[in-house]
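Nothing in this text is a laboratory measurement; each read-out follows from the coordinates by a stated rule. Just so we're clear, the structure is a prediction, and the values are computed from it rather than from any experiment. Cβ: placed from backbone, ideal geometry, glycine included. Neighbour counts: every protein chain shown.
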Amino acid sequence: MLKKIIYVELSIIVAYFVLCIIGPKKMDVTASKTLQASSVAIFSQIADLRNMKNWSKWILEDTAMKMTYGKTTSGIGGTYSWQSKKSGAGSMTIKNVDPNRMIAYDLTFKDWDAISDVKMELKPNGKTTDVTWTMIDQKESPFYLRGMMLVMNMNGRIKKDFNKGLDNLEQFLKANPNVTLMNDFNMDESRFVSTDYLLKRAVVKM
């Protein structure tokens, strides 16, 4: 009986060792979708981290998540962090920006002690925009975790979450076709009748 138990335990260890060998070395996810929105409208949502609450799958589904914003949330150096029982803890920092075309972030997962390169690229296509969302770990995962990543299909799960986030983003923009939100400023497209106006010029912090 004891031998059988030892054989079973050894079989499980060997099987998991094999899974670690063939499992993914790092998170490497790409999701793409053609959104029925302009690149300008899309960029207004992804360029300011405060706007992620409008479409992020994780934020919308985790009402208990605690969000903390940095001194700036847009442009290079913009940052925010989160803490949640459901989603763990981490932070995101903007590291590169190409207006209306691309934005790149450093995404840090404190629980996993991992940092990922995240990028959202926009390609205008008439009245629509092709969006490509990628995430790649900066370092390879520890060998003993690769079997777990394979069994849990982590890359597939993250891709599913990305697709849901892109769906949410498209739905939000459809519901708000004439408004882009950046740092609590509302910008509405309007037509003014021909008349005389008195204007006041001022510099506002964006």
Q) Which distance in nm do the two modelled labels at residue 89 and residue 201 give, with both placed 7 Å along the Cα-to-Cβ direction? A) 4.9 nm
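As a quick test, which of the pairs 53/159; 33/71; 95/200; 85/159; 174/200; 57/119 have an alpha carbon distance above 25 angstrom in this structure? Don't skip to the answer; put the middle values down first.
On the way: 53/159 19 Å; 33/71 32 Å; 95/200 35 Å; 85/159 22 Å; 174/200 33 Å; 57/119 17 Å.
Those over the limit are 33/71; 95/200; 174/200.
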Q: Identify, among 63, 39, 84, the residue whose Cα sits farthest towards the positive end of the charge dipole of region 36-149, taking +1 on the Cβ of Lys and Arg and -1 on the Cβ of Asp and Glu, with the dipole about the Cα centre.
A: 63
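Applying a 10 Å radius around every beta-carbon, put 118-124, 196-202 in order of their mean neighbour count, most first.
Values: 118-124: 17.9, 196-202: 4.1.
Taking the mean over residues of other Cβ atoms within 10 Å, the ranking is 118-124, 196-202.
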(Q) At R0 = 30 Å, how high is the FRET efficiency between residue 62 and residue 139 if r is their beta carbon distance? Nearest 0.05 is fine. (A) 0.70
Q | Virtual spin-label span in nm between residue 97 and residue 161, 7 Å along Cα→Cβ | A | 2.5 nm
